[in-house]
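The values are calculated or read from the model by the stated rules, or taken from the named source; none is laboratory data. Computed from a predicted model, the values in this text were never measured in an experiment. Note: ideal-geometry Cβ built from the backbone for every residue, glycine included; neighbour counts use all protein chains shown.
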Amino acid sequence: MKQNDLHNYFSYYAPYEAQNVLQRKLEKEYLARSASTHDALQWSYRNTPAFHYEWLLGRTYWTEGAQSSLLTRPLLLFYGLTHLLKGILLTEDPHYPAAADMLAHGVTTRKKKRKQFTFMEDEVKIQKQGFFPHFSSRMFHVKHSAGEKWKINHLFFKWDTMVHLYLDVYGEKALPRVQPACANLTVEHVSPAKEQSISLIQKQLEQLGIEVEGIKKRTADSVLFSIKRLPDNVHSQLVQRGSNYYMPPSLLDTAKMAPLCVHYLLLYELSMLCRYEGEWWGDLCTQRQGEDYAFIHFYLEWVLAEVPRQFTGFFSSGESLQ
C-alpha cells in the first residue's frame, strides 16, 4: 500500500484539521437540524474536541489497518470505523453517549466452536441496546428489532461487486438467472422438483413488483412464469453481469440498510473471528484454503477505499450518509 494512497483516503478532511473550521462545520450542522442559535454554538464548541479525536483515532486505525497484514487488519478497521461513526454521530446526537449502554457494540455473534464452520453461512444478531442500533436509528433513521439476525452472505449481497465475486467463486449457476419478457418470465438454475425453491423465487418476484399469474412450464432446471406486467425498474433491482441478470438470494433484505451499517456488521464479525478464533483465523490467513478466504481477502482490500468514500459527502456538502 503506497503512502499516497493512504493519505488520499481521507484527503477531504484536510480543512477540518483546524479546529475553528471544524467548529463552524458542527455549528452549521446543528443549525441545519433545527437547533437554536444558542444550542448550536454551545454544542459545536463542546463537541469539536471530541469529534476531532474520534476522527484522529478513526483515521489512524484505518490507515494502519491498510498497512497491516490480514491477520490483524479486521481489528484495526473495525475500531477505525467505530471511531469515525462516533464522530459523525455527534452531529445527530450532541449528547452522545448519554448512557453507558450506548458504548456496547450493539451486535453479537454466535460462538464458532463447531466443526464445518463457514464464514459466509454465519450470522450476526442485533441487540436491543448499544452503539449499532443507536447510530442506525439516529444517523440513518432505520430501527432494528432486538434479536434481528443477518446472514453474512446476505450482507455481502448489498453490493454488486460482491455478487459478481460470488458468481466467480461458485459458478454462474449459483444464483437464479432471470430472463424477463413482456408477459412471461423465465428463471433458470432452479430445481422444479423443490417446491420450496419455487415458492421462494415467486415471493422474490413479488418483492420486485412482478405479479405472477401462474407457472406455464417447467424443465430440468428452469421455470417459466406467466406474469401480468413487468415494472419499468425491474432490471435495476437485479444483478447484471454482461447481458445476463441474476436474482440475489437476499433480494431487498439489505435495501433498508445504509452501506456503513453493513460494513459495521461485517467488520464486527471479522474482528471477532480475528480476536477469539485464533486457530481458525490463523489457518485461513496462512493456508488460504476454502471459498471463505476469497471473500474475506477481497472484502478487506476493497473496503479500504470504500468506507472513507462513504463519508465524503458529509464533509464536502453536508449530504446525508444514507
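Taking region 39-69 as the range and being surrounded by fewer than 18 Cβ atoms within 10 Å (Cβ to Cβ) and either touching a His at 6+ places or on another chain (Cβ under 8 Å) or more than 20 Å from HIS95 (Cβ to Cβ) (or both) as the test, the residues that pass are LEU56, LEU57, THR60, GLU64, GLN67, SER68, SER69.
Condition check: surrounded by 15 or more Cβ atoms within 10 Å (Cβ to Cβ) and modelled with pLDDT under 95. Does PHE132 satisfy that? So PHE132 does not fit the description; no.
Would you confirm whether any residue within region 50-68 is within 19 Å of VAL21 (Cα to Cα), of a type in the set (Ser, Thr, Tyr), in a helix (DSSP H, G or I) and free of Cβ contacts under 8 Å to residues at least 12 places away in the same chain? Looking through region 50-68, at least one residue is within 19 Å of VAL21 (Cα to Cα), of a type in the set (Ser, Thr, Tyr), in a helix (DSSP H, G or I) and free of Cβ contacts under 8 Å to residues at least 12 places away in the same chain.
Here's the yes/no breakdown for (1) assigned by TED's automatic domain parsing to the domain that holds TYR30; (2) touching a helix residue (DSSP H, G or I) at 6+ places or on another chain (Cβ under 7 Å); (3) within 26 Å of GLU306 (Cα to Cα); (4) outside any loop (DSSP other than H, G, I, E, B):
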| site | (1), (2), (3), (4) |
| --- | --- |
| THR91 | yes, yes, yes, yes |
| HIS95 | yes, no, no, no |
| HIS105 | yes, yes, yes, no |
| GLY147 | yes, no, no, no |
| VAL169 | no, yes, yes, yes |
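If a residue must be among the hydrophobic types (A, V, I, L, M, F, W, C) and modelled with pLDDT under 95, how many such residues does region 286-322 contain? Selection size over region 286-322: 3.
Per-residue answers, yes or no, for (1) aliphatic (A, V, I, L, M); (2) within 21 Å of PRO308 (Cβ to Cβ); (3) in contact with a Lys or Arg (Cβ under 8 Å, 6 or more places away or on another chain); (4) not in a helix (DSSP H, G or I):
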{"position": "LEU26", "(1), (2), (3), (4)": "yes, yes, no, no"}
{"position": "ASP39", "(1), (2), (3), (4)": "no, no, no, no"}
{"position": "GLY80", "(1), (2), (3), (4)": "no, yes, yes, no"}
{"position": "LEU84", "(1), (2), (3), (4)": "yes, yes, yes, no"}
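Kindly provide the set of residues from region 16-38 that are without any contact (Cβ under 8 Å) to a residue 40 or more places away in the chain and surrounded by fewer than 17 Cβ atoms within 10 Å (Cβ to Cβ), ordered by number. GLU17, ALA18, GLN19, ASN20, VAL21, ARG24, LEU31, SER34, SER36, THR37, HIS38 - these are the residues of region 16-38 that are without any contact (Cβ under 8 Å) to a residue 40 or more places away in the chain and surrounded by fewer than 17 Cβ atoms within 10 Å (Cβ to Cβ).
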